[in-house]
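The values are calculated or read from the model by the stated rules, or taken from the named source; none is laboratory data. These numbers were taken from a predicted model, which means no experiment stands behind them. Positions of Cβ are generated from backbone atoms using ideal geometry, with glycine treated the same way; all protein chains shown enter the neighbour counts.
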Amino acid sequence: MTLIQEASRPAPPVARQQGLRVVAIGGGTGLSTLLRGLKRHVAAPTGTQPPIDPGCPDAPCLIRDLTAIVTVTDDGGSSGRLREDLHVPPPGDVRNCLVALSEDEHLLSRLFQFRFDTGELQGHSFGNLFLAALSQINGGDFSHAVQMSSQILATRGRIYPATNTNVTLAALMDDGSLVSGETNITASKQRIVELMLEPADALPLSETLEAIQAADLITMGPGSLYTSLITNLLVRGIPDALAASKATRVYVCNLMTQANESLGLTASQHIERILQHAGPTKRPIFDYALINTAPISPTLLAQYAREGQTPITPDLDRIRSLGVEPITGNFAHEDGVLRHDYDKVTDCLLKLALPH
């Protein structure tokens, strides 16, 4: 049975016949990895007049508009220092997405990823400093700084921070304690019960909601369950926009459980935690879940086991009971570490969203 035969889907909007509008939500290395696969299907860098290098170099031009919505709660490392010193949203995850979507990852993008290793700038990446400087030049408007950086790097897609507000992450733990700050939360040995934003009334950009409303395909994940994915749903308006969307909505499940975030959680429990944080909306926010069921090499299994991490159990019937259709396959890539194979994931996502 083919992938599309396995999953019944509503008829796609007419807009999909001219190319997909895609929104990818997340943070960390998971989102930037996925964007590298999606980028190959975008015809030209966004916002260039006339378009630079129209056409897709090594894949069909199936995406006419690509938007990344990126979490902004990191308070560690270079991002945390800039956030504290300059009161700007943390630029690290946004920087990684800029590089992933850039026209040439080996030129300007290498400069954006360059990290100083001595002196007062030790630990800072050039890209973080650049985004912080542009934000200051634009009166503290971090989102405008990101858009200007996108033009400089000729990115094949738009990038929006989940919110322009300088927010702090807080978590209620299973021992009843309240932990503030993403770094402290991930370092805690207690299990997260509930995640919150401070201030709680942080709003998304209007462009974010417009992109979700117009999307043909929306993805969430892969990425750290709480600190890369759920954080986006704590921004007011985003869960309701996802629930109201007529797009094909897909959760890309992680390959392994993660220390301090999801140890012991099955695939369905990942989805349950996300739905619990989606606020008062009771409508579905996912149609499908991509679940890796391919075996992982014993060497990598042993490597991850030392951190208590194991492959995520694909409890498919339980996923279906949540109203989400699981799509299984081999979505893993091994190269010293375990990552999603972004080409395989992208191909699967596009098959789900395109008319057929």
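The residue pairs whose first member lies in region 213-227 and is closer than 17 Å to Ile291 by Cα, whose second member is among the acidic types (Asp, Glu), and whose beta carbons are closer than 9 Å, counting only pairs six or more residues apart or on different chains, are Ser224/Glu261; Leu225/Glu261. Here Asn164 fulfils each of the conditions (1) of a type in the set (S, T, N, Q); (2) assigned to a loop (DSSP other than H, G, I, E, B); (3) more than 26 Å from Gly237 (Cα to Cα) apart from (3). Condition check: within 20 Å of the chain's Cα centre (by Cα), closer than 29 Å to Ala171 by Cα and of a type in the set (Asp, Glu). Does Glu261 satisfy that? So Glu261 fits the description; yes. Scoring Gly237 on the criteria (1) surrounded by fewer than 18 Cβ atoms within 10 Å (Cβ to Cβ); (2) of a type outside the set (Val, Ile, Thr); (3) farther than 18 Å from Ile25 by Cα leaves a single failure, condition (3). Note on region 144-156: among residues that are in contact with a Ser or Thr (Cβ under 6 Å, 6 or more places away or on another chain) and more than 20 Å from His87 (Cα to Cα), the one that is surrounded by the fewest Cβ atoms within 10 Å (Cβ to Cβ) is Leu153. What do you reckon, is Asp315 modelled with pLDDT of 95 or more and within 22 Å of Arg40 (Cα to Cα)? So Asp315 fails the test. Selection of first residues in region 150-175 that are more than 22 Å from Gly37 (Cβ to Cβ) and of second residues that are buried (at least 22 other Cβ atoms within 10 Å of the Cβ) and of a type in the set (Asp, Glu), restricted to Cβ pairs under 8 Å at least 6 apart or on distinct chains, gives the following pairs, ordered by first then second residue: Leu169/Glu182. For region 60-71, state whether one or more residues are more than 24 Å from Gly329 (Cβ to Cβ), modelled with pLDDT of 65 or more and among the charged types (D, E, K, R). Yes, the conditions are met somewhere in region 60-71. When Asp141, Asp174 are screened for being surrounded by fewer than 23 Cβ atoms within 10 Å (Cβ to Cβ) and under 22 Å from Ile230 (Cβ atoms), only Asp174 passes. Pro89 fulfils the conditions (1) assigned to a loop (DSSP other than H, G, I, E, B); (2) surrounded by fewer than 23 Cβ atoms within 10 Å (Cβ to Cβ) except for a single criterion, (2). Restricting to region 295-335, and then to whatever is among the small types (Gly, Ala, Ser) and surrounded by 14 or more Cβ atoms within 10 Å (Cβ to Cβ), can you tell me which residue is nearest to Lys189 (Cα to Cα)? Going through the qualifying residues, I end up with Ala332.
Might you check whether a residue that is modelled with pLDDT under 85, closer than 24 Å to Leu169 by Cβ and crowded, with 16+ Cβ neighbours inside 10 Å occurs anywhere in region 100-111? No, the conditions are met nowhere in region 100-111.
Of the residues that make up region 124-139, is at least one under 26 Å from Arg21 (Cβ atoms) and either more than 18 Å from the chain's Cα centre (by Cα) or assigned to a helix (DSSP H, G or I) (or both)? Yes, region 124-139 contains at least one residue that is under 26 Å from Arg21 (Cβ atoms) and either more than 18 Å from the chain's Cα centre (by Cα) or assigned to a helix (DSSP H, G or I) (or both). Checked across region 205-222, the condition of being out of contact with any helix residue (DSSP H, G or I) (no Cβ under 6 Å at 6 or more places or on another chain), more than 24 Å from Leu350 (Cβ to Cβ) and surrounded by 18 or more Cβ atoms within 10 Å (Cβ to Cβ) holds for no residue.
Scan region 262-282 for residues that are over 22 Å from Ala241 (Cα atoms) and in contact with a helix residue (DSSP H, G or I) (Cβ under 9 Å, 6 or more places away or on another chain) and jot them down. Correct list: Ser262, Leu265, Thr266, Ala267, Ser268, Gln269.
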